[in-house]
Amino acid sequence: MDDEAIRKAQEDEEMISTAYSRLIETYLASPHRKKVDLISRAFNFAKQAHKGVRRLSGEPYIMHPLAVAQIVCGEIGLGSTSICAALLHDVVEDTDYTVEDLTNIFGEKIAQIVDGLTKISGGIFGDKASAQAESFKKLLLTMSDDIRVILIKISDRLHNMRTLGSQPPHKQYKIAGETLYIYAPLAHRLGLNLIKEELEDFSFKYEHPEAYEQICKQLDHIRPHLDDAFRTFILPIREKLDRLGLNYDIKARIKRPYSVWSKMQNKGVKFEEIYDILAVRIIFDPHSPESEINDCFQIYAACTSIYKAHPDRFRDWLSNPKSNGYQALHTTLMSKQGRWIELQIRSRRMDDMAERGFAAHWKYKEGEKDTSASETELEKWLSTIKEILDDPQPSAMDFLSTIKLNLYSSEILVITPKGEFKTMPAGCTALDFAFSIHTVIGTHCMGAKVNHQLVPISYKLKSGDQVEILTSNALRVEPSWRNFVTTAKAKNKVETILRRQRREQQKKGEEMLEQWCADNELELNSQLLDRLAMYHLLETREEFYASLGAGNIVLGEEDLQALRSDKDKRSRSQGWTRYLPFYKRKRDAEPEKEKAHKDEQEQPALVIDRKKPLYLSEENIGRVSMCEVCNPIPGDEVLGYLDNQNRVIVHKRNCSVANRLKNVDGNKILAVFWDTHKQMSFAATLHMEGIDRVGIIKSLTDVITEQLNVNVHQLSIAAREGIFQGDIELGVHDTEDLEVIISNLRKIDGIEEVKRVM
């Protein structure tokens, strides 16, 4: 070994030793049992197993398990069993050691957790959608047995996000998209607020680096102003709280970059128009455990005696905590400078719960679990997850969407007829509430009484509503109910019941067809079945059987004539002409398909290297397709997706379709960048709102066509009661052009709002 190699080995050893010492120091400062020997054995075992292996960043591989163990111990607060499992989490997957080896050396519990982590390795999602769904099911099933599996997996993902810079761009998009779609919501649902926010910010940073940098700069620019506003705001509050004799801290909470950007996107507003960037948090030690809630209200009374409270922004999460264990008192106060500032009041116990999650309070003592209120909430959630897993899902994305509904939603409080409070997701319907009570009640729900008023099953509930569900045994679940359910449990139950009903209809249809064939002395075979399905314009035999069983098709003389005629006559029979508009649409679409196919044949195929970025230039842009949902133009942050026909579809990075593709087929994501240099024109649509006046259209067209020299493809404006709304489609080079147009349109007298919609 030469001198350079020796020096490098010494540096590696020093780096590893420093990280391990930090882990042990963090563990010894925790309230857990001091099983340093067990952790030391796990570390040395993992270090030897991963010897000689390096990460893409160039670090020795053991640095990754050490970092995951540090997060598990220091940021989530778990004990020696979890720390050991974190140190060993890649051993079975990446080396020749087996789960049996770990069982013999470290015991059954650690080996079981490592086994659970190995089964969901490589991220939640595999190369194919079916593998992805199966992998996620394994994660959830293992989580149901031991919550520590998902906590370690979240820690693993957090460290991967912290070191994502060493990955190529297409991998960054895939991993960031996956993180934002599933891991951040999982962290949210488990109450790991700090980790959730960090996962969101890292995902934002790698998917939208320019927007991330811009918002960070804007936050840094206004930070001194926010600091001054904070100090001025809390000065009189401190005087009041000191008189109460409480031990407390007051902290300023600045909105995170991802949260700011999300609000800008969802509300269609600029950074300067976001007024809740600053929030104030009061964290106190209660006089006694029994007075904790009363002390919160005392602090609230003290603060509202100084500042006026917003009448619609009071939230009491004390008596009825959120389903992830969160407790606090929220209000919004008007400062002396005329600015609304949110105030959060919580005890230190509540603050610990809010930042680190109730999962961290699921303590393990010689195999016994601490039965606390927070654990009860966790058990309720895991029970719902198990219910969903018990019912087969028709597709991977349906499964993921169903689970995701159960992860990330605001909450409201709904009251039963007996006065019991029940937590429900915001936006839920009366039908959702019915299914939350019991599947049978949901299945036969005919409506509800909300605050003693009769409402339909589609009625959206609000916090504080008192709800009584009305049922009828004669009712059956209808396909239209898919539009009336929003919660994971209700969606899953409706789909399960509809699938069961469809199977029953198919079986009945089979029996009816057999009887009809017997009555008409026909041989029932696959050819006859296919011809009948085609005659009734149904694509599959299953659809034909279901339609027959449901009574949508009645077999008769026309069907006999269609079976006896040849193919040409059959295509001209009454059965076909009844559905002529359907086939006309298909036929009319064929020339477009043929033209598109011809254009594709004329264009030389793009040579794709998924590891290298694809630059969209004037020469090759005709060989890719733009997503019709998000309609990207130069200047938008984009990515590419390589479909099954080897065609590249370009999406905005925050496109809803792209978000799904990153999770279903992440390995087909490409890094794509614009290289058009204002040489081409692209269509973009703006939405405008304002005060109607004479000449508003002329003002619009003057600015666009004369001042800016931009082509207008389409303009539509409607006015009502003095207010107008309109959409205008323009031809522009890029987003820079669009920003100039938007800025100029906003200067027109009467126009209040202009934003891009496509």
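The values are calculated or read from the model by the stated rules, or taken from the named source; none is laboratory data. This structure is a prediction, so every number in the text was calculated from the model and none was measured. Positions of Cβ are generated from backbone atoms using ideal geometry, with glycine treated the same way; all protein chains shown enter the neighbour counts.
Given the structure, is residue 624 surrounded by fewer than 21 Cβ atoms within 10 Å (Cβ to Cβ), in contact with a Cys (Cβ under 7 Å, 6 or more places away or on another chain) and not acidic (Asp, Glu)? No. Exactly one residue among 49, 86 is more than 30 Å from residue 169 (Cβ to Cβ) and at pLDDT 90 or above, and that residue is 49.
Considering every residue within segment 694-701, establish whether at least one is among the aliphatic types (A, V, I, L, M), touching a helix residue (DSSP H, G or I) at 6+ places or on another chain (Cβ under 9 Å) and in contact (Cβ under 8 Å) with a residue 24 or more places away in the chain. Steps first, answer last, please.
Restricting attention to segment 694-701, the residues satisfying the condition of being among the aliphatic types (A, V, I, L, M) are 694, 696-697, 700.
Now restrict to residues that are touching a helix residue (DSSP H, G or I) at 6+ places or on another chain (Cβ under 9 Å): 700.
Subsequent filtering for residues that are in contact (Cβ under 8 Å) with a residue 24 or more places away in the chain retains 700.
Checked segment 694-701: at least one residue is among the aliphatic types (A, V, I, L, M), touching a helix residue (DSSP H, G or I) at 6+ places or on another chain (Cβ under 9 Å) and in contact (Cβ under 8 Å) with a residue 24 or more places away in the chain.
Screening residue 742 with (1) among the β-branched types (Val, Ile, Thr); (2) more than 32 Å from the chain's Cα centre (by Cα); (3) closer than 23 Å to residue 268 by Cα gives one miss only, at (2).
Of 241, 278, 235, which residue is in the same structural domain as residue 341 (by TED's automatic domain parsing), more than 36 Å from the chain's Cα centre (by Cα) and either touching a residue at least 24 places away in the same chain (Cβ under 8 Å) or crowded, with 18+ Cβ neighbours inside 10 Å (or both)? I'd like the intermediate steps shown before the answer.
On the way: 278 fails: more than 36 Å from the chain's Cα centre (by Cα); 235 fails: either touching a residue at least 24 places away in the same chain (Cβ under 8 Å) or crowded, with 18+ Cβ neighbours inside 10 Å (or both).
Of the residues listed, the single one that is in the same structural domain as residue 341 (by TED's automatic domain parsing), more than 36 Å from the chain's Cα centre (by Cα) and either touching a residue at least 24 places away in the same chain (Cβ under 8 Å) or crowded, with 18+ Cβ neighbours inside 10 Å (or both) is 241.
Kindly evaluate residue 11 against the criterion of being outside the structural domain of residue 152 (by TED's automatic domain parsing), more than 20 Å from residue 152 (Cβ to Cβ) and part of a helix (DSSP H, G or I).
Details: outside the structural domain of residue 152 (by TED's automatic domain parsing): yes; more than 20 Å from residue 152 (Cβ to Cβ): yes; part of a helix (DSSP H, G or I): yes.
Yes.
Among the residues of segment 668-686, those that are in contact with an Asp or Glu (Cβ under 9 Å, 6 or more places away or on another chain) and assigned to a loop (DSSP other than H, G, I, E, B) comprise 676, 677, 678, 679, 680.
Scanning for something of a type in the set (Ser, Thr, Tyr), touching a residue at least 60 places away in the same chain (Cβ under 8 Å) and touching a strand residue (DSSP E or B) at 6+ places or on another chain (Cβ under 9 Å), does segment 490-508 turn up at least one residue? Even if it seems obvious, please write down each step before you answer.
Narrowing segment 490-508 to residues of a type in the set (Ser, Thr, Tyr): 496.
Then drop every residue that is not touching a residue at least 60 places away in the same chain (Cβ under 8 Å), which leaves 496.
If we keep only those that are touching a strand residue (DSSP E or B) at 6+ places or on another chain (Cβ under 9 Å) as well, we get none.
Scanning segment 490-508, I find no residue that is of a type in the set (Ser, Thr, Tyr), touching a residue at least 60 places away in the same chain (Cβ under 8 Å) and touching a strand residue (DSSP E or B) at 6+ places or on another chain (Cβ under 9 Å), so the answer is no.
Within segment 714-739, the residues that satisfy the criterion of being of a type outside the set (Asp, Glu), surrounded by 13 or more Cβ atoms within 10 Å (Cβ to Cβ) and either assigned to a strand (DSSP E or B) or free of Cβ contacts under 8 Å to residues at least 40 places away in the same chain (or both) are 715, 717, 719, 724, 725, 726, 728, 730, 731, 732.
Being crowded, with 19+ Cβ neighbours inside 10 Å and among the hydrophobic types (A, V, I, L, M, F, W, C) is the filter; apply it to segment 643-663 and report the residue that is nearest to residue 262 (Cα to Cα). Looking at the filtered set, the residue picked out is 655. Within the set of pairs 6+ apart or on separate chains, which have a first residue in segment 606-620 that is more than 17 Å from residue 646 (Cβ to Cβ) and not assigned by TED's automatic domain parsing to the domain that holds residue 637, a second that is among the hydroxyl-bearing types (Ser, Thr, Tyr) and part of a loop (DSSP other than H, G, I, E, B), and C-beta atoms under 6 Å apart? Final answer for the pair search is none.
One residue is enough: does segment 687-702 have a residue meeting the conditions small (Gly, Ala, Ser), outside any helix (DSSP H, G or I) and surrounded by 15 or more Cβ atoms within 10 Å (Cβ to Cβ)?
yes
Residue 684 - would you say it is surrounded by fewer than 15 Cβ atoms within 10 Å (Cβ to Cβ), small (Gly, Ala, Ser) and out of contact with any Pro (no Cβ under 9 Å at 6 or more places or on another chain)? No; evaluated as a whole, the condition is false for this residue.
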